[in-house]
1. Just the residues that are without any contact (Cβ under 8 Å) to a residue 60 or more places away in the chain and either in contact with a Ser or Thr (Cβ under 9 Å, 6 or more places away or on another chain) or in a loop (DSSP other than H, G, I, E, B) (or both), please, taken from the range 157-176.
2. Within the range 280-300, how many residues are buried (at least 16 other Cβ atoms within 10 Å of the Cβ), on the phi < 0 side of the Ramachandran plot and part of a loop (DSSP other than H, G, I, E, B)?
3. Does residue 213 satisfy the condition of being of a type in the set (Gly, Ala, Ser), closer than 26 Å to residue 267 by Cα, in contact with a helix residue (DSSP H, G or I) (Cβ under 6 Å, 6 or more places away or on another chain) and not in a helix (DSSP H, G or I)?
4. Residue 54 - would you say it is surrounded by 14 or more Cβ atoms within 10 Å (Cβ to Cβ), touching a strand residue (DSSP E or B) at 6+ places or on another chain (Cβ under 6 Å) and either under 22 Å from residue 294 (Cα atoms) or of a type outside the set (A, V, I, L, M, F, W, C) (or both)?
5. Go through the range 55-90 and count every residue that is over 29 Å from residue 124 (Cα atoms) and either part of a strand (DSSP E or B) or hydrophobic (A, V, I, L, M, F, W, C) (or both).
6. List the pairs whose first member sits in the range 263-286 and is within 24 Å of residue 42 (Cα to Cα), whose second member is assigned to a loop (DSSP other than H, G, I, E, B) and among the charged types (D, E, K, R), and whose Cβ atoms are under 8 Å apart, counting only residues at least 6 apart or on separate chains?
7. Conditions: (1) in a loop (DSSP other than H, G, I, E, B); (2) among the aliphatic types (A, V, I, L, M); (3) buried (at least 20 other Cβ atoms within 10 Å of the Cβ). Residue 146 meets all but one. Number of the miss?
8. Please determine whether any residue of the range 251-271 is touching a Phe, Trp or Tyr at 6+ places or on another chain (Cβ under 9 Å), polar (S, T, N, Q) and at pLDDT below 95.
Amino acid sequence: MGSRLRAAVAAAALLGVCTVGSTAAQAYTLPPANGQFDYQIGAPYTPVAAVRVVSRDRLVSPVDPPGRAVYDVCYVNAFQTQPAEVEWWRLNYPTLLLRDSSGNYVIDGEWNEILLDTRTSAKRTTLVGILGAWFDRCKADGFDAIEPDNLDSWDRSRGLITRANNLAVMRAMATEAHTATVGTDRSGVAIAQKNTSEIAPQLDGYGYDFVIAEECQLYSGSSTTIRECVDFQTYYGNLVYEIEYTDNEPLYPGDDPDYPSGGTGFYADACRARGASISVILRDRYVTADTHPDYVYRAC
């Protein structure tokens, strides 16, 4: 899509003119339902043989095993800065870095990431243009889908950003993904909802295609009678790819021979509740490479 046409589409979406987030004739592909997932946004490596869906950072090209079909998802930090890219944002788009009334950057302290400012239509249009170019690059690099992260940055914005601000960007992002272009190929890529179950109804209506859900079992409680994970399945069926993390677990595979079938913990509960219908995996918190001593990967 040309830059002028892209800008027009983005502006229309941000102003509420667009009523749908996807193209009329879907050309992009969806991930395999209940296909075994691997989460590699910390570092890339060759996945185990059973894996069919892999998410990696946008700056890492897919490393699919020869002769094996793998559905590749491109991770994009859509509403916060990656720490290594802060200088790029300062030099090129300083007004998109959110500041408080004292002029200080508003930072997500857990990951040391500056929040991006979505409060005005002009800033949202600029941000969507940047993201659209990244989505095109993901497609050119061989990715099949986009995973935009930190949709809920309003929760960390000290009340400066509203949910409506970010939802306007999310609506436009669906259009950008579904029309991602390489040369004359405008077939697009799919787009995932990342976490934030409370906005699943809106994003499903905008044309989001599947879900990557971190710790939905944890946030729903340890009972198999849960809410957040069920909310995702209500809107996306078995196109839900769930990650639980070892630092929330009292035990994990290797420590307990009966885990998860007879074990305790969020991953075990998730496997018993949904493991037959969606992909549920256990990963170390920093999603390290398989050569790292902290690496953990289990699937059920």
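The values are calculated or read from the model by the stated rules, or taken from the named source; none is laboratory data. Worth saying up front: this structure is predicted, and the values here are computed from it rather than measured. Here Cβ is always computed from backbone atoms with ideal geometry, including for glycine, and neighbour counts include all displayed protein chains.
1. Within the range 157-176, 157, 158, 159, 162, 165 meet the criteria.
2. Just the residues of the range 280-300 that are buried (at least 16 other Cβ atoms within 10 Å of the Cβ), to begin with: 280-284, 287-288, 295-300.
Now restrict to residues that are on the phi < 0 side of the Ramachandran plot: 280-284, 288, 295-300.
Filter once more, keeping what is part of a loop (DSSP other than H, G, I, E, B): 284, 288, 295-296, 300.
The total comes to 5.
3. Values: of a type in the set (Gly, Ala, Ser): yes; closer than 26 Å to residue 267 by Cα: yes; in contact with a helix residue (DSSP H, G or I) (Cβ under 6 Å, 6 or more places away or on another chain): yes; not in a helix (DSSP H, G or I): yes.
Spelling it out, residue 213 is indeed of a type in the set (Gly, Ala, Ser), closer than 26 Å to residue 267 by Cα, in contact with a helix residue (DSSP H, G or I) (Cβ under 6 Å, 6 or more places away or on another chain) and not in a helix (DSSP H, G or I).
4. Working: surrounded by 14 or more Cβ atoms within 10 Å (Cβ to Cβ): yes; touching a strand residue (DSSP E or B) at 6+ places or on another chain (Cβ under 6 Å): yes; either under 22 Å from residue 294 (Cα atoms) or of a type outside the set (A, V, I, L, M, F, W, C) (or both): yes.
Judged against the criteria, residue 54 is a match.
5. 4
6. 265/249; 266/215; 266/249; 267/249; 282/249; 284/294; 286/294
7. (1)
8. No, every residue in the range 251-271 fails to be touching a Phe, Trp or Tyr at 6+ places or on another chain (Cβ under 9 Å), polar (S, T, N, Q) and at pLDDT below 95.
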